[in-house]
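The values are calculated or read from the model by the stated rules, or taken from the named source; none is laboratory data. These numbers were taken from a predicted model, which means no experiment stands behind them. All Cβ positions, even for glycine, are placed from backbone atoms using ideal geometry, and neighbour counts span all protein chains on display. These accessible areas exclude ligands, DNA and RNA; they are computed on the full protein's heavy atoms, side chains included. Shrake-Rupley method; radii C 1.70, N 1.55, O 1.52, S 1.80 Å.
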Amino acid sequence: MCCIALSCIAPCCSEAAKAAIQEASELAPLHNPPNLYCIEAAQQLFPDVPHVAVFDTTFHATMPPEAYTYALPTRLAAEHRIRRYGFHGISYSYLTHEAARMLGKPKDQCNLILCHLGAGSSMCAVASGRSIETTMGFTPLEGLMMGTRCGDIDPAIVPYLLGKGYTAAELDELMNKQSGFLGLAGSIDVRTVEECALKGDEECLLALAVYLRRIRKYLGAYLVHLGGQVDAVVFSAGIGENGSMLRELALSGLEWAGISVDGAANDAAVRGRTGEVQGPGSPVKVLVIPTDEQLEIAEQTLEVVRRHTEKLARAA
Ligand SMILES: Nc1ncnc2c1ncn2[C@@H]1O[C@H](COP(=O)(O)OP(=O)(O)O)[C@@H](O)[C@H]1O
Ligand SMILES: CC(=O)OP(=O)(O)O
Ligand SMILES: [Mg+2]
């Protein structure tokens, strides 16, 4: 599963863990309620095995305070636990292992810019194998434009629209479920948007341009955070794994930063194929890695169960 909790909880899926997931549901309305439903169904179906919750935020626990702090009054932020948490951490953990393997380097020596571009899209800067910055924040709404989510907007738009008579619930729905590609181009499916854009549809062209501009803005920021020392830019998830045109456009004109793409290799790395798609002699590798959140969850679960079993054995 892939959801969030506001407090640090034991990963074994106790009633307290489930209550924490429930508590954070309003922050991740697309994620926590269905995952909680699945936990309960799994507990009913398999009552005699341990159940483990693997959180999408854990990978970002290494972000420094200046990356996770919003410039809101300190007391208010502490009282309501408002900070940047970051998401897609299960995918980023997997991609970091895989990128290190492909680069032939120990994970803790890898500097990476990871792009998880799916219906939910985000990016992450990894320094020495650890997350130092990511685009999603307090909720999975911040950052890149997505299938139905608006990503970054001026926060003043919210009170402005409240003043126009929208309710908080309507705005939440509007920003999470009716914006992004759906709001700009009328489709959540980027393949459809690309097809219409290639036929000259202005709304689809604009939607793709907005999506790409936001990716490139964070790419620039992460190059700075990593001091220009980047081993690889990694693309993953539905759009990142299949959208070869978007990958090429996202990285166009970046030869000055040591980043270029080989057209043929890039076009071949689609439909589940892993690929090294940087241009010849490019100092920064460009990797396409199909993510495997299920495998990562299984591996982290095994590790939790192993540690738990060892603890019980020591206590006996
Ligand atoms: N060939 C393709 N080109 C561009 N985008 C694609 C392609 N195939 C799938 N996608 C996009 O991938 C997205 C879904 O990605 P996925 O990682 O499955 O999302 P999520 O897990 O967040 O639901 C959709 O927007 C879909 O249009
Ligand atoms: C955290 C998140 O946005 O997940 P998904 O991409 O599955 O929507
Ligand atoms: Mg996904």
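Here is how the numbers come out for the structure above:
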read-out	value
Cross-link reach list, lysines versus Lys18, counting only Cα pairs under 30 Å and skipping chain neighbours closer than eight places	Lys177, Lys311
Difference of contour (0.36 nm per residue) and Cα-Cα distance, Val305 to Leu45	91.7 nm
Fraction of accessible area attributable to carbon and sulfur, the chain (%, probe 1.4 Å)	58 percent
Coarse-grained scattering of region 186-271 at q = 0.26 Å⁻¹, given as base-10 log I(q)/I(0) from a Debye sum over alpha-carbon atoms	-1.41
Under 17 Å from the Cα of Lys105 - lysines, other chains or at least 8 residues apart	Lys285
Cβ-defined net charge surrounding Leu36, 15 Å radius [Lys, Arg +1; Asp, Glu -1]	-4
Å² of accessible area per residue within region 192-291, as computed with a 1.4 Å probe and no ligands counted	47 Å²
Probe 1.4 Å, protein heavy atoms only - accessible area per residue of region 23-141 in square angstrom	46 Å²
Environment charge at Val288 (Cβ cut-off 13 Å; Lys +1, Arg +1, Asp -1, Glu -1)	-2
Among Lys177, Lys18, Lys164, residue whose mean-square fluctuation peaks in a GNM of the chain (springs only between Cα atoms under 10 Å)	Lys164
Value of [θ]222 nm, deg cm²/dmol, for the chain, DSSP H segments ≥ 4, -39500 (n - 2.57) each, nearest 500	-14000 deg cm²/dmol
Under 20 Å from Lys217, Cα to Cα: aspartates and glutamates that are on another chain or at least 8 residues apart	Glu66, Glu133, Glu142, Asp152, Asp154, Asp231, Glu248, Glu255
Relative contact order (%) - the chain, alpha-carbon pairs under 8 angstrom, separation at least six	15 percent
Rg to Rh quotient for region 84-149, alpha carbon positions, Kirkwood Rh	1.00
Sites matching trypsin sites (Lys or Arg not before Pro) across region 47-105 that sit in DSSP coil, with at most 14 neighbouring C-beta atoms within 10 Å	Arg81
Shape category assigned to the chain from the gyration tensor of Cα positions, a/c cut at 1.5	oblate
Test item: Cα-centred dipole of the chain, Lys/Arg +1 and Asp/Glu -1 on Cβ, debye	660 debye
